[in-house]
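For reference, the structure discussed in these notes is given below.
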Amino acid sequence: MALVSSRFARTCSAYLRGTALSELDETLHAGGVELCFAEMKDPVKDKLKRFGLFARLGDQAFFATIEEAVSAYRTKYAVG
């Protein structure tokens, strides 16, 4: 799981219309890595929705907090 900060996502979505995030997701996916986001603000999510990236990544890629993301990872991969 690759966790991206909301600041990086905001910068990419605002200036590159999501192209950088889309390419990052493709590259990570090819390597077997799931792209996830934590602590993303609603305005940034709205931009991702407009660019079609939110639907592409799915609800399961977004977490309210870093702790939730880590907990989901630990559960999914049985990490103690």
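The values are calculated or read from the model by the stated rules, or taken from the named source; none is laboratory data. Remember, predicted model here, so these are calculated numbers, not experimental data. Backbone-built Cβ (ideal geometry, glycine too); neighbour counts: all protein chains shown.
One table, with the values for the structure above:
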{"read-out": "Count of the range 41-56 residues which are closer than 15 Å to residue 26 by Cα and either loosely packed, with under 11 Cβ neighbours inside 10 Å or more than 11 Å from the chain's Cα centre (by Cα) (or both)", "value": "2"}
{"read-out": "Boolean, residue 70 is of a type in the set (A, V, I, L, M), within 18 Å of residue 22 (Cβ to Cβ) and either touching a strand residue (DSSP E or B) at 6+ places or on another chain (Cβ under 6 Å) or free of Cβ contacts under 8 Å to residues at least 40 places away in the same chain (or both)", "value": "no"}
{"read-out": "Residues located in the range 67-80, provided they are hydroxyl-bearing (Ser, Thr, Tyr) and part of a helix (DSSP H, G or I)", "value": "71, 73, 75"}
{"read-out": "Residues satisfying the stated conditions in the range 18-66, i.e. closer than 21 Å to residue 76 by Cα, touching a residue at least 12 places away in the same chain (Cβ under 8 Å) and outside any helix (DSSP H, G or I)", "value": "33, 34, 35, 36, 37, 38, 39, 62, 63, 64, 65"}
{"read-out": "Lone unmet requirement of (1) of a type in the set (A, V, I, L, M); (2) modelled with pLDDT of 85 or more; (3) surrounded by 15 or more Cβ atoms within 10 Å (Cβ to Cβ) for residue 66", "value": "(3)"}
